Amino acid sequence: MGSEGHYRWESPRHRVWVDSFEIAPTPVTCRDYAAFLAHTAFAAPTGWREAAFSQPDQPVVGVSWFAAIAYCEWLSRTRGDPFRLPTEAEWEKACRGGLEDAEYAWGNEPPAQIEYFKGEWKGPRRVAEWRPNGYGLFNIGDNVHEWCSDWYAEDYYAVSPERNPTGPESGSRRISRGGSWRHQIKASRDAHRSSLPPNYAYTDYGFRIVRTL
């Protein structure tokens, strides 16, 4: 997990073990999130009624970390299974898709050289339009930033436990991973870390769910 020779908050590169988990093949979609809104009194996300962000097969965006947690809690009650956000370590494990030493979910080819990522995007692409990674996961590392459960600390990797790290005990920002349709380069490296205050709700932030086995 992590990298050397990039940003200081991605180092040191270190070995991590995580217990078995299931992760959704795509981010939560607008279709998925509409069911949550229909059965709860939760407020609609930022941009929910805008055409650029509201197509059924687009990843839902404009959700805060708290909204993502509320969705997981609702889905857990509805399905009778424990759903949650991935930890940062689980997300990176999933993104790598079995390519432990590759830079990106698909290998080492830079996204700027891949046709799918070229040009201006007016909003997030529909999920699963491009090829999956080695674990069968779509858009992990591109299209939208994805919330993780952990608090963020720049120096956490220096003290992270080897097994099932869950981030620092407190903080002011929550971890997010992956690239964004809004950026010039729309995919990020497997090890790239970003973060945001958990109450923020931007239209390039979505989330993917996990089920503990």
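The values are calculated or read from the model by the stated rules, or taken from the named source; none is laboratory data. Here the structure is a predicted model, which is why all the values come from computation and not from measurement. Counting neighbours? That spans all protein chains shown, and the Cβs are built from the backbone with ideal geometry, glycine included. Surface accessibility is based on the protein's heavy atoms, side chains included, excluding ligands, DNA and RNA. Shrake-Rupley method; radii C 1.70, N 1.55, O 1.52, S 1.80 Å.
The single condition from (1) of a type in the set (A, V, I, L, M); (2) within 30 Å of E154 (Cβ to Cβ); (3) open to solvent by less than 30 Å² (accessible area, probe 1.4 Å) that L75 fails is (2).
Here is a list: Y205, Y152. Which entry is in contact with a His (Cβ under 6 Å, 6 or more places away or on another chain) and not polar (S, T, N, Q)? Before you say what the answer is, go through the steps one by one.
Values: Y152 fails: in contact with a His (Cβ under 6 Å, 6 or more places away or on another chain).
Going through Y205, Y152 in turn, just one is in contact with a His (Cβ under 6 Å, 6 or more places away or on another chain) and not polar (S, T, N, Q): Y205.
Go over the candidates R13, R31, R49 one by one and state the one that is outside any helix (DSSP H, G or I), in contact (Cβ under 8 Å) with a residue 12 or more places away in the chain, basic (K, R) and open to solvent by 20 Å² or more (accessible area, probe 1.4 Å). Residue meeting the stated conditions: R13. Close Cβ contacts (under 9 Å, 6 or more residues apart or on different chains) running from residues in segment 158-171 that are touching a residue at least 40 places away in the same chain (Cβ under 8 Å) to residues that are assigned to a loop (DSSP other than H, G, I, E, B) and among the basic types (K, R) comprise E162/R15. Go through segment 52-80 and give me each residue that's closer than 20 Å to E129 by Cβ and touching a residue at least 40 places away in the same chain (Cβ under 8 Å). Within segment 52-80, A52, F53, Q55, D57, Q58, P59, V60, V61 qualify. When the test is whether a residue is open to solvent by 30 Å² or more (accessible area, probe 1.4 Å), assigned to a helix (DSSP H, G or I) and of a type outside the set (D, E, K, R), A89 does not pass it.
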